[in-house]
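Trainee: Handing you a structure now.
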Amino acid sequence: MDGHKAAKRRKLTDKSLLNVILQNPDFAEDSQMYQSLLEMERKLDWTITRKRMEIQDTLSRNPATTRTLRIFVSHTVSGQSWQAGTEGDNLTNPETGESIPAWQVRIEGRLLELPQRGKDKGPQRKFSTFIKRMMVEFDRDTNVYPENNIVEWPRATGHHNPPLDGFTIRRTGDVPTNIRIVMYLDHYPEQYRLSPDLSSVLGIREESHLGAVQALWSYIKIQGLQDKADRRLVRSDEKLRAIFGAETIPFQKLPEYVKRHLAPPEPILLHYSFDPSIPLSEPERPTAWDVELKMEDAALKSKMGVMLHANKETSTTLAKMDEEIALLAQSLHNSHLKRTFLQSFANDPAKFIQTWLESQSRDLESVLGAGASEGLTLRQEELRRSEFFRLPWVEEAVAVQEGLRLASKGMQ
């Protein structure tokens, strides 16, 4: 609100100063630099406003970026014969579960830091927030190990399913095991797999709905397929004919046609194998995979948000400069009025005094009468006599007139 008032005051000040320049060309040469600054300020204000609108439009779509998610898979074992040093002996206790051969698999992950940006500001997201759904399949003989060999984790909101740093799955056994991990990532914006026809045209396999529409529109513009007579129509070439199924389609139906060629993306497949019966001389390092993840660019969004909100110190400095400009412009305007007044008096004192008396007389008539017509009923003979202006009520009328003038000046 303060910025709006300052801008409004500056506009009024600029207008009054330009009026001074127009009324007196002598000021034009000296104020040429000021006029250039005003023109530059108008261009800068327009550029800043346009860029701010572009940033707001970008923020409304939430800027996205591609990050690397590193997934780690590791395992540990317990109760194995080689761990107790009693290979071949059966010391297990089925009632307490002690010394029963078992193993557990750990699946976890984290985002890699960007080299040019360093560490992310704010808390790190949990690994489970990057996953929509995950299934872990164990390749084991169901006759020997009848327990559930397929584990599924569907993400759900609520306190019963909090964000997790990783997943741990425990099973009994001492035989070699192959694990297949099927993971559906939570991309932002949501990604889709393009049909072979659309993929061959755009040269991409996976993209968001909006990204696919924009890529297709770029292809149409490059190939010049927009109808020249009716710009609302798009003509099909040999490649697009297989996608649209028509020679021409309306431009506004491009998103609809693109949507027909989108399908859920392929999941991430990870294969992991281990043999719990083999002794480990040292702790085994986890196996890692790097996958690309589309996600919201929080850092860029924060930077653009800062640009939309002016710095408090900068706003204060600009407000002080606006006040100084307003005072200087008002001082220049007052000096111009004084100069005009004295110049008129010096050129023709008699005419100046006569004009001034006539002006004061008209003002006095307006003050004395209830309206313009009643003020004109005063006798002209009385106006010609000096005694008329020495009456007791004249000083009161002059005081009222001065009060009205000051009030009018204050409103301005």
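Bear in mind that the values in this text are calculations on the coordinates, not laboratory data. Everything quoted here is computed from the prediction, not taken from an experiment. Every residue, glycine among them, receives a Cβ derived from its backbone with ideal geometry; neighbour counts consider all protein chains shown.
Trainee: Report the label-to-label distance for Glu113 and Asn149 in nanometres (one decimal), using points 7 Å from each Cα along the Cα→Cβ vector.
Mentor: Simple spin-label model gives 4.4 nm for this pair.
Trainee: Could you pull out which residues in the stretch 169-202 have an amide N less than 12 Å from a spot 7 Å beyond the Cα of Met135, following the Cα-Cβ vector?
Mentor: 180-184
Trainee: So, one more: Taking amide hydrogens as modeled 1.01 Å from N in the peptide plane, which residues meet the under 5 Å criterion relative to Tyr192, leaving out close sequence neighbours?
Mentor: The answer is Glu207, Ser208.
Trainee: Hey, another quick one. For the pair Asp165 and Arg260, what calculated FRET efficiency results from E = 1/(1 + (r/R0)^6), where r is the Cβ-Cβ distance and R0 = 30 Å, to the nearest 0.05?
Mentor: Rounded to the nearest 0.05, the efficiency is 0.15.
Trainee: Can you list the residues, at least 5 places off or on another chain, whose amide H is less than 5 Å from the amide H of His75, using H built in the peptide plane?
Mentor: HN-HN under 5 Å from His75: Arg106.
Trainee: Beyond a 32 Å Cα-Cα separation, which of these cross-linked pairs lie in this structure: Lys43/Lys253; Lys43/Lys294; Lys51/Lys320?
Mentor: Exceeds cut-off: Lys43/Lys253; Lys43/Lys294.
Trainee: List, in order, the whole-Hz ³J(HN,Hα) value for each residue of the stretch 331-341 obtained from phi through the Karplus relation with A = 6.51, B = -1.76, C = 1.60 and θ = phi - 60°; use x for Gly and Pro.
Mentor: 5, 5, 5, 5, 5, 5, 5, 4, 5, 4, 4
Trainee: Calculate the FRET efficiency for Asp227 and Lys253 from the Cβ-Cβ distance with a Förster distance of 22 Å, rounded to the nearest 0.05.
Mentor: Working: r = 14 Å, r/R0 = 0.63.
Between Asp227 and Lys253 the formula returns 0.95.
Trainee: Using only Cα atoms, locate the centre of the stretch 137-180 and the centre of the stretch 317-336, then give the distance between them in Å, rounded to an integer.
Mentor: 75 Å
Trainee: Could you work out how far apart the two model spin labels at Glu358 and Glu313 are, taking each label as a point 7 Å from the Cα in the direction of the beta carbon, and quote it in nm?
Mentor: Result for the modelled spin labels: 6.1 nm.
Trainee: FRET efficiency for Lys43 and Ser335, Cβ-Cβ distance as r, R0 = 30 Å, nearest 0.05?
Mentor: Result of the calculation: an efficiency of 0.55.
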